[in-house]
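The values are calculated or read from the model by the stated rules, or taken from the named source; none is laboratory data. Predicted model only: the values in this text are computed from it and were never measured. All Cβ positions, even for glycine, are placed from backbone atoms using ideal geometry, and neighbour counts span all protein chains on display. Remember, those area values only see protein heavy atoms, side chains included, never the ligands or the DNA or RNA. Shrake-Rupley method; radii C 1.70, N 1.55, O 1.52, S 1.80 Å.
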Amino acid sequence: MSGTGASPRPAVVAGNWKMNHGPADAVAFARELELEAEGVAEVLLFPPATSLAALRGALAERGLSSRVGLGVQNVHPAERGAYTGEISASLALASGAGFALVGHSERRHLFGETHDDTARKTAAVLAAGMTPILCVGETLGERRAGRLEEVILRQLDHVLTTAGVSDRLLDGSRFYLAYEPVWAIGTGETATPGDASEAHAILRSCLIDRLGSEHGLDVPILYGGSVKPENASELMGAPEVGGVLVGGASLDARSFSAIVQSGS
Ligand code: PGA
C-alpha cells in the first residue's frame, strides 16, 4: 500500500522487461504468473513491443486481461510518418498498450533523450489517451554533489510545464511518476526506504504545487532500482512510495508474482 501522505489507492507493481522475452517467453511468463484476487495491487507489464500481442493473448486465455495493464517502454513523439524503426503512441495503443514508460534512465543516458524529448513523448502519450509513467532519477555523481533535488525537479518540472499535463488531468487522463536513482538500476544497489521517501516527498510537493492538491496527491509515485522480492515490501511500505517499477526481477514470473504479493 502507498505510504502516508498519498491518497489511499492500491500499490502499483510494474515490470519493465527491457529488451528481453520474445513472444514464446511472454506466453510462458503469463502461464506462470500467480495473482491474488482483484482489487489489490495494480499490476502493469512492459514487454518489448514485439511481444505485446502474444502476452496479451496469453493473459486473456487465463482470464487476466482486466487484472494486468500493458504498456510499451518508449514511443516516438510524432503520431505517424517516415520514422523508420519507431513506434508512435497511437500504434502502441492499437496493439493493446494503455501505458508507456517515458524518460527511463536508459533512454536518457544510452540514447541521449533530452528533457524536451521526454516532454514531447509525454504529450504524445497523453494525446493518444494512454497513461505515461515518467521516470526521473539522479546519477551517483549528482547525488554525491548534493544535486538530488535540483536534478529530479528539473526532469519533472520540464514535463509538467510543457506537456500540458495539468489540462489533460482535468480531462480525466492519468499521469504516473517513477523515481529511479540511476545508481540503483540494474546494480543490485537499492535505495533505502528512507532515500526513496525523501525523493518521493520532493516530487510530491512539486506535483501538488503544479497540479493542485487533488491531482497532485493522486499521481502514484513508484520507486525503481534493484527491487526484488526480498526488499519490495519494505520499500512499498515507506511513506510516499506508491508502488515499484521492477526491471531484472520482473523477468521471472515467480519473483514478479512475489513482488505483486508484497504490494497487496
Ligand atoms: P532493475 O531495473 O530493477 O533491474 O534495477 C529497474 C528499471 O530500470 O526500471
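Being within 13 Å of Val136 (Cβ to Cβ) and at pLDDT below 95 holds for only one residue in Ile221, Ile152, Ile185, and it is Ile185. Filtering His104, His158 for residues that are buried (at least 17 other Cβ atoms within 10 Å of the Cβ) and within 23 Å of Thr190 (Cβ to Cβ) leaves a single hit, His104. Within the set Glu42, Glu32, the sole residue that is touching a strand residue (DSSP E or B) at 6+ places or on another chain (Cβ under 9 Å) and open to solvent by 20 Å² or more (accessible area, probe 1.4 Å) turns out to be Glu42. On inspection, Val246 passes the criterion of being within 12 Å of the ligand (Cβ to nearest atom) and β-branched (Val, Ile, Thr).
Regarding Ser213, is this residue over 15 Å from the mean Cα position of the chain (by Cα) and in a loop (DSSP other than H, G, I, E, B)? When the stated conditions are applied, Ser213 does not pass them. Taken over the stretch 119-147, the residue count meeting the criterion of being part of a helix (DSSP H, G or I) and open to solvent by less than 10 Å² (accessible area, probe 1.4 Å) is 4.
Can you tell me which of Gly172, Gly194, Gly263 is more than 14 Å from the ligand (Cβ to nearest atom), modelled with pLDDT under 95 and either out of contact with any strand residue (DSSP E or B) (no Cβ under 8 Å at 6 or more places or on another chain) or of a type in the set (D, E, K, R) (or both)? That would be Gly172, the only listed residue that is more than 14 Å from the ligand (Cβ to nearest atom), modelled with pLDDT under 95 and either out of contact with any strand residue (DSSP E or B) (no Cβ under 8 Å at 6 or more places or on another chain) or of a type in the set (D, E, K, R) (or both).
Tell me whether the stretch 208-218 contains one or more residues that are within 24 Å of Thr187 (Cβ to Cβ) and of a type in the set (A, V, I, L, M, F, W, C). Checking the stretch 208-218: not a single residue is within 24 Å of Thr187 (Cβ to Cβ) and of a type in the set (A, V, I, L, M, F, W, C).
Selection of the stretch 233-255 for residues being within 15 Å of the chain's Cα centre (by Cα), among the hydrophobic types (A, V, I, L, M, F, W, C) and assigned to a helix (DSSP H, G or I) yields Met236, Ala249. Quick check on this structure: which one of Glu150, Glu142, Glu138 is of a type in the set (D, E, K, R), out of contact with any His (no Cβ under 7 Å at 6 or more places or on another chain) and either within 16 Å of the ligand (Cβ to nearest atom) or on the phi > 0 side of the Ramachandran plot (or both)? The unique qualifying residue is Glu138.
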